[in-house]
1. Beyond 20 Å, what percent of the Cα pairs of the range 1-88 remain?
2. Out of the total accessible area of the range 8-80 (probe 1.4 Å, heavy atoms of protein only), what percent is carbon and sulfur?
3. On alpha-carbon atoms, Rg over Rh for the range 57-108 using Kirkwood Rh?
4. State to the nearest 20 debye the size of the charge dipole of the range 1-115 about its Cα centre, where the only charges are +1 on K and R beta carbons and -1 on D and E beta carbons.
5. Distance from the Cα centre of the range 51-93 to that of the range 143-159, in angstrom?
6. Per residue, how much accessible surface does the chain expose to a 1.4 Å probe? Answer in Å², no decimals.
7. What are the semi-axes of the equivalent ellipsoid for the chain, taken as the square roots of 5 times the Cα gyration tensor eigenvalues, largest first, in whole Å?
8. Pick out which of ALA155, ALA23, ALA51 has the largest mean-square fluctuation in a Gaussian network model of the chain, springs linking Cα atoms closer than 10 Å.
Amino acid sequence: GLELVGTVVEEGAGPVDDFRLTAFPIDDGPMQLDFSRQVAKAFKDAGGAFALSGLTPGKWQVTARSKEHVDSEPLEVEVPTSAPITLVLRRGARVAGVVVDVVGAPVAGATIAVQESRRPEVLMSMDDLDGDPRSGADGRFLLTKVKPGVVTLTASAPGHAPSEPLALEVTAGRETGG
């Protein structure tokens with residue numbers, strides 16, 4: 001197969017050492033990704049450099065992820081290409097809070113959902129977030145790797161009505177309470 005080379009960097013910083021790349025071929029049509037032909041590889045102590053092999057000619061969507069960062073924006077690449085590509089990772093925001101009921105008592109085991117305001121149709125997958133998406137016995141929760149920007153949080157728990165949506169502006173590398 002063909003090879004794609006490039007680097008993975010942190011926005012405003014340098015190369016990222018440990019990351020995972022995922023590539024999907026794009027079929028003609030409205031962004032149809034062929035998940036059955038996914039190519040993925042993990043890189044450790046790579047100093048940001050990668051060579052991803054096993055690709056076939058055509059259009060591919062490539063993303064990078066790491067434990068400390070929000071996934072990169074997908075990059076569309078035509079393979080073969082001789083030009084190296086650069087994928088940019090950003091630090092995630094942290095969101096901490098307490099889920100309470102109507103009388104202010106903590107709610108244990110509530111599920112916290114995070115929705116991006118710029119893409120309201122996309123509910124952030126709990127796989128994308130680090131931290132437990134459920135509140136603890138004291139109602140507290142902490143989510144990390146939240147995409148920076150305006151997000152809407154909602155909480156739901158058995159035996160309780162869903163919370164009103166709470167919009168927050170979150171900043172990369174900072175903790176926001178809600």
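1. In whole percent, the long-distance tail amounts to 29.
2. On the way: 2000 of 3970 Å².
Solvent-exposed carbon and sulfur of the range 8-80 make up 50 percent of the total.
3. Details: Rg = 19.9 Å, Rh = 14.6 Å.
My calculation of the ratio gives 1.36.
4. Values: 10 positive and 15 negative charges, 56 e Å.
Magnitude of the dipole: close to 260 debye.
5. 26
6. Result: 55 Å² of accessible area for each residue.
7. Working from the Cα gyration tensor, I get semi-axes of 36, 18, 13 Å.
8. Looking only at ALA155, ALA23, ALA51, the biggest GNM fluctuation is shown by ALA51.
The values are calculated or read from the model by the stated rules, or taken from the named source; none is laboratory data. Because the structure is a prediction, the values reported are computed rather than measured. Every residue, glycine as well, gets a Cβ built from its backbone with ideal geometry; the counts of neighbours run over all protein chains shown. For the accessible areas, the whole protein counts, side chains as well, though only heavy atoms, and no ligand, DNA or RNA atoms are used. Shrake-Rupley method; radii C 1.70, N 1.55, O 1.52, S 1.80 Å.
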